[in-house]
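Following: one structure in structure tokens, then a few remarks.
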Amino acid sequence: MHSILQEAMALKEELIAYRRQIHENAELAFDLPKTRKLVTDTLCTIGCDPKPLGGGITCTIGSGAPVLLLRADMDALPQTEESGLDFACQNGACHSCGHDAHTAMLLAAAKILKSHESELTGTVKLMFQAGEETLLGSQKMIDAGILENPKVDAAMGLHMNFGPCGKFDMHPGTLTYSAHQMMPSADEFKITVKGHSAHGSSAFLGISAVHAASAIVTALQQLLSLELPADEQAMLSIGSLHSGNASNIIPDEAVIMGNFRAYNPQYRILMQERVAEIAAGIAAAWRAEASTEYIAGVAPNVNDPDMAAEMAGYAAEVMEQVIVIPPVKGSEDFANLCDHVPTFFANVCAGDPADGYQYAMHNPKARLDEDALPYGAAVHAICAIKWLENHQ
């Protein structure tokens, strides 16, 4: 067993304690007082000097160039947990996406790296991020200067993966990544349709916002097949359509909520333009008006091919297996870092369906295998140490 993995394994009980404390006290978006306190206090205890930045927390270990950023997200989802765990959260928030584990792993990695600080040939910058589930958190930290002072040369992030999420081994000790395209962009939109109210018996005197909105929804579902190449992967979904409050009144307003995802930045831009154009055009055909607002969005999550191959090699020294997989369908706001520096993003497997981990991420019944936590901490640590050594 590699010495770094041995160090991580020795921290397993601490890792589990961090993870369970965060899990039981799950917090949302940018309102993370308990989680921030745990992270700050832990970093101070090991001799770091954490600072608040852009809704998150940052600090450095080591000194000089080059600089590698390691990132973990801290926020939970707004859902009622149904896992049945003894430490399940009871406040209406739920760490069903594994961010509690992400934070715990990076805290343990920080402890390992701090113990090796005199050996580091550069700087590791830690990025504990809020608001990932809003798709706004990483950009807020970028805008606040996370990539500067000291200037970051490359960035790495890890995500837990568990349950029925792919046709590959999900047991602890497995790391998966895509060689280039890792995850698609994600853009959340809101379309507001304005019409004119009338009584249902005299519909011709009004302009039905719900009718126009329904036609818009139907048209948008045809967008991918008609305007994108057949071999281009993209997704569009409508999650909400609200209009009216009575059966016999023609509503004067309807609101559509949806999102789309694309691996290719070119088609992300096309979809941004066409959703707004189609909504306005279909509404106008029924004498209504439609305006489109983009609420949140992130770019495609793209691994730098050279960095991915390099980091996978380092990870293989502490993992039982490292597997290259096709791009996954979910989105992650780590992607905003991809626009600025070379990046590597990978999944730490933490529960195979064959072992009873039947629920995937974002399911309120989800559980993960805590045996995976030391592996994630070890990957962070060894990748940081080795990357700094080889990028003088």
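The values are calculated or read from the model by the stated rules, or taken from the named source; none is laboratory data. Nothing here was measured: the structure is a model prediction, and the numbers come from that model. No Cβ is skipped: glycine too gets one built from the backbone with ideal geometry, and neighbour counts run over all protein chains shown.
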Based on what the data block shows, is Asn245 over 14 Å from Val210 (Cβ atoms) and not assigned by TED's automatic domain parsing to the domain that holds Leu158?
no
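Going by the conditions given, is Ala72 of a type in the set (Gly, Ala, Ser), surrounded by 17 or more Cβ atoms within 10 Å (Cβ to Cβ) and in contact with a Cys (Cβ under 8 Å, 6 or more places away or on another chain)?
So Ala72 does not fit the description; no.
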Asn347 fails exactly one of the following numbered conditions: (1) over 30 Å from Ser118 (Cβ atoms); (2) polar (S, T, N, Q); (3) in a loop (DSSP other than H, G, I, E, B). What is the number of that condition?
(3)
Any chance you could count how many residues in segment 148-194 are part of a loop (DSSP other than H, G, I, E, B) and farther than 17 Å from Ala335 by Cα?
16
Among the residues of segment 161-184, are any modelled with pLDDT of 95 or more, out of contact with any strand residue (DSSP E or B) (no Cβ under 6 Å at 6 or more places or on another chain), under 18 Å from Asn303 (Cβ atoms) and assigned by TED's automatic domain parsing to the domain that holds Ala309?
yes
Considering Leu69, Leu43, which residue is closer than 25 Å to Cys338 by Cβ and assigned by TED's automatic domain parsing to the domain that holds Asn149?
Leu69
Just to be sure I understand, how many residues within segment 345-369 are farther than 14 Å from Cys97 by Cα and buried (at least 18 other Cβ atoms within 10 Å of the Cβ)?
3
Checking His196 against (1) without any contact (Cβ under 8 Å) to a residue 24 or more places away in the chain; (2) farther than 25 Å from Gly297 by Cβ; (3) not charged (D, E, K, R), which test does it fail?
(1)
Looking for something of a type in the set (Ser, Thr, Tyr) and assigned to a helix (DSSP H, G or I) - is there at least one such residue anywhere in segment 324-335?
no
Pairing a residue in segment 1-17 that is within 9 Å of Pro374 (Cα to Cα) with any residue that is modelled with pLDDT under 95, where Cβ atoms lie under 9 Å and the two sit 6 or more apart in sequence or on different chains, gives Met9/Met1
How many residues of segment 277-316 are in a helix (DSSP H, G or I) and not assigned by TED's automatic domain parsing to the domain that holds Ala335? The answer is 9
With the requirement that a residue be buried (at least 17 other Cβ atoms within 10 Å of the Cβ) and part of a helix (DSSP H, G or I), what does segment 22-53 give you?
Ile22, His23, Glu24, Thr35, Arg36, Leu38, Val39, Thr40, Thr42, Leu43
When Lys190 is run through (1) over 22 Å from the mean Cα position of the chain (by Cα); (2) not assigned by TED's automatic domain parsing to the domain that holds Met127, the failure sits at (1)
Would you check which residues across segment 242-276 are assigned to a loop (DSSP other than H, G, I, E, B), among the polar types (S, T, N, Q) and free of Cβ contacts under 8 Å to residues at least 24 places away in the same chain and list them?
Asn245
Given (1) in contact with a helix residue (DSSP H, G or I) (Cβ under 8 Å, 6 or more places away or on another chain); (2) part of a helix (DSSP H, G or I); (3) not aromatic (Phe, Trp, Tyr), where does Thr121 come up short, assuming only one miss?
(2)
Look through segment 203-228, keep the residues that are among the β-branched types (Val, Ile, Thr) and assigned to a helix (DSSP H, G or I), and return whichever of them is surrounded by the fewest Cβ atoms within 10 Å (Cβ to Cβ).
Thr218
What do you reckon, is Ser138 assigned to a helix (DSSP H, G or I) and over 30 Å from Gly163 (Cβ atoms)?
no
Report, by residue number, each residue of segment 296-311 that is surrounded by fewer than 22 Cβ atoms within 10 Å (Cβ to Cβ), small (Gly, Ala, Ser) and under 26 Å from Glu389 (Cβ atoms).
Ala309
Among the candidates Glu273, Glu253, Glu289, single out the residue that is modelled with pLDDT of 95 or more, under 28 Å from Gln181 (Cα atoms) and of a type outside the set (Ser, Thr, Tyr).
Glu273
Tell me whether segment 98-119 contains one or more residues that are modelled with pLDDT of 95 or more, acidic (Asp, Glu), closer than 28 Å to Glu370 by Cα and assigned by TED's automatic domain parsing to the domain that holds Val348.
yes
Pick from segment 370-392 the residues that are within 14 Å of Asp100 (Cα to Cα) and of a type in the set (Gly, Ala, Ser): which of them is surrounded by the fewest Cβ atoms within 10 Å (Cβ to Cβ)?
Ala372
